[in-house]
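Written below as structure tokens is the structure these notes are about.
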Amino acid sequence: MFFIIRMVDSIKIQMVIATGMVLVYPFLRKFGVVKMFWVSFVIAYLTAFVFINALPGFEGIIGLEFFKRFLFVSALMIPFEIYDSQHDDTTLNTLPQKFGIANAKKAGYLLVLLYVVLEVVNFNFNENVKSQYLVIAIVIAIVNAIAIKFSTLERSQYYTSFWVESIPILWWVLLVLFQ
């Protein structure tokens, strides 16, 4: 409670907005493709606008960070969408149901590629970004693309529930190790 009282008012407002976005999710569940991008949007909003905005010196890059995170999380969700497509109601029109698994994977690869392009742009125009952060981002993007490549309807739930969900943890471990 003390933490919330000491927060800057703008961050409190952003937390209320984020909470509202999370509460909308159950209503968007029935809109397949929209649901996936909504989850990505909310995670990107929370991690960029709320948490990064709380750090001094990051004000100028919040939009770029938001968009990078949105692309990365959207790509990361493709294996989940592929696995869930066999269990979801066909009227949901998830990305794999609407466009097919092969095209969903292509969309995932495109999202990963756009993420890497933005990381390279950020590295080239932001002198605060260290080269090891760029290398780690590219490695994690490759791991994300590999996870998309090996996603099939036949994969067990543990593939997405453990291996794919562990990608952000691997990212964090690499950041900590190479700091």
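Of the residues that sit in the range 91-111 and are in contact (Cβ under 8 Å) with a residue 40 or more places away in the chain and under 20 Å from the mean Cα position of the chain (by Cα), which one is surrounded by the fewest Cβ atoms within 10 Å (Cβ to Cβ)?
Top of the filtered list is ILE101.
Could you grab me the full set of residues in the range 163-179 that are open to solvent by 60 Å² or more (accessible area, probe 1.4 Å) and either in contact with an Asp or Glu (Cβ under 8 Å, 6 or more places away or on another chain) or of a type in the set (Val, Ile, Thr) (or both)?
ILE169, VAL176
Filter the range 55-74 down to the residues that are modelled with pLDDT under 80 and surrounded by 14 or more Cβ atoms within 10 Å (Cβ to Cβ), then identify the one that is nearest to ILE13 (Cα to Cα).
That would be ILE62.
Would you point out which residue out of THR160, THR152 is under 18 Å from PRO79 (Cα atoms), hydroxyl-bearing (Ser, Thr, Tyr), open to solvent by less than 60 Å² (accessible area, probe 1.4 Å) and more than 17 Å from the chain's Cα centre (by Cα)?
Numbers: THR160 fails: more than 17 Å from the chain's Cα centre (by Cα).
Answer to the check: THR152.
List the pairs whose first member sits in the range 150-179 and is part of a loop (DSSP other than H, G, I, E, B), whose second member is surrounded by 15 or more Cβ atoms within 10 Å (Cβ to Cβ), and whose Cβ atoms are under 6 Å apart, counting only residues at least 6 apart or on separate chains?
Once the first residue is part of a loop (DSSP other than H, G, I, E, B) and sits in the range 150-179, its partners that are surrounded by 15 or more Cβ atoms within 10 Å (Cβ to Cβ) give SER151/PRO79; SER151/ILE82.
Of all residues in the range 77-90, count the ones that are of a type in the set (Ser, Thr, Tyr) and open to solvent by 80 Å² or more (accessible area, probe 1.4 Å).
As a first pass, look at the range 77-90 and keep what is of a type in the set (Ser, Thr, Tyr): 83, 85, 90.
Filter once more, keeping what is open to solvent by 80 Å² or more (accessible area, probe 1.4 Å): 90.
Of the residues in that region, 1 qualify.
Just a yes or no: is a residue in the range 130-146 free of Cβ contacts under 8 Å to residues at least 60 places away in the same chain and outside any helix (DSSP H, G or I)?
So far as the range 130-146 goes, yes, one or more of its residues are free of Cβ contacts under 8 Å to residues at least 60 places away in the same chain and outside any helix (DSSP H, G or I).
When the range 100-159 is examined, which residues are found to be at pLDDT 90 or above and basic (Lys, Arg)?
LYS105, LYS106, LYS149
State whether one or more residues within the range 114-127 are open to solvent by 20 Å² or more (accessible area, probe 1.4 Å), over 18 Å from PHE37 (Cβ atoms), touching a residue at least 12 places away in the same chain (Cβ under 8 Å) and outside any helix (DSSP H, G or I).
yes
The values are calculated or read from the model by the stated rules, or taken from the named source; none is laboratory data. What you see is a predicted model, and the numbers here were worked out from it, not measured in a lab. Every residue, glycine as well, gets a Cβ built from its backbone with ideal geometry; the counts of neighbours run over all protein chains shown. The accessibility values were calculated without ligands, DNA or RNA, using every heavy atom of the protein model including side chains. Shrake-Rupley method; radii C 1.70, N 1.55, O 1.52, S 1.80 Å.
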